[in-house]
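Values quoted throughout were computed directly from the atomic coordinates according to the rules given, and no laboratory measurement underlies them. Every value quoted in this text rests on a predicted model; they were computed, and no experiment measured them. Don't worry about glycine lacking a Cβ; one is built from the backbone with ideal geometry, like all the others, and counts go over all protein chains shown.
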Amino acid sequence: MQIYKADLHTHTLFSPCGDLEMTPDNIISIALERGVDVIAITDHNSTRHCRLAEHYSHNRDIFVLCGAEITTREEAHCLAYMPGHEALDRLQDYLDAHLPDIPNNPDVFGDQVQIDEEYNIVYEEPRLLTSALDQSVNEVADFVHSLGGLFVPAHIDKSTTSLISQLGFIPFDLDYDAVELSKHGDKEEILKTHKYLKDKMFTRSSDAHLPDIIGTAPCYLEMETRSFDEIRKALHGEEGRRVYLEKVES
């Protein structure tokens, strides 16, 4: 087994709150400089920059996990990770179909632009990507899993935009693969009031919107190699794979 440093929640400039320097190539380059082995691209309600990030990872010592940070009808943020391009495209279609028609105001919320390898703008999302979908958390989780994806409630320790902040708890009938802590989240404190999470794997991520934040709040994946299936096993604690919140030796 190997120990891989992972940042499983980052935003590109396509997210309205993402800094313009958060280009996919910048994210990959900075992650490599900081020793990150696995990086997830998780823009708000969009997957459109995932493939470009994959392009910049080719022949470089980093694995890109593709997905999105989805805002459910409850105004709760959840992470979805996809196993391949077909599933990623189907997730994008789902997000497009369920994002409400609330226009973005770039002067207030920020630009929402997709770029290509030459930094040309190839698409601008007219709807505000930080809006909540018209789908419940259970509906989103079920759809993600129907695609073979992974579903992780995001930054559950935060006082806003988390399932716990919105509902007071994580629904007992929700199908989820792990839970995420923010940079300052304390697993033991969470477990004092949410004992039902004791058998769930916890991750930690930077939720980077700025270059300086990439890789600053990692978790560590114990796996045979870097792949979607190995990450799934780590989140489930299967076959000796697991996730650590602190650095460990392999």
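Sorting the Cα pairs of the chain by distance into bins of 5 Å, from 0 upward, gives 1, 7, 14, 20, 21, 18, 11, 6, 2, 0, 0 percent per bin.
What the pair-distance distribution of segment 175-244 shows, using all Cα-Cα distances binned every 10 Å from zero, is 19, 45, 32, 4 percent. Amide H to amide H distances under 5 Å link S206 with L8, H9, G215, A217, where only residues 5 or more positions off or on other chains count and H is placed in the peptide plane.
Here the contact order of segment 205-250, divided by its residue count and restricted to Cα pairs under 8 Å and six or more residues apart, works out to 32 percent. Taking each residue as 0.36 nm, the span from H55 to E189 lengthens on full extension beyond its C-alpha to C-alpha distance by 44.3 nm.
Between D107 and H85, the distance separating the two model label sites (each 7 Å from Cα on the Cα→Cβ line) works out to 4.0 nm. The overall shape of segment 135-225, judged from the alpha-carbon gyration tensor, is rounded, with an a/c ratio under 1.5. Modelled label positions at L167 and D25, each set 7 Å beyond Cα in the direction of Cβ, lie 4.2 nm from each other.
The overall shape of segment 47-146, judged from the alpha-carbon gyration tensor, is oblate: a/c is not under 1.5, and a/b is no greater than b/c. Using only side-chain charges placed at the Cβ, +1 for Lys and Arg and -1 for Asp and Glu, the dipole size of segment 156-250 relative to its Cα centre rounds to 220 debye. Taking a straight line from the alpha carbon of K192, these lysines sit under 23 Å away, with near neighbours fewer than eight places off in the same chain left out: K158, K183, K200. A Förster distance of 41 Å, applied to the separation of the beta-carbon atoms of I121 and E246, puts the FRET efficiency at 0.50.
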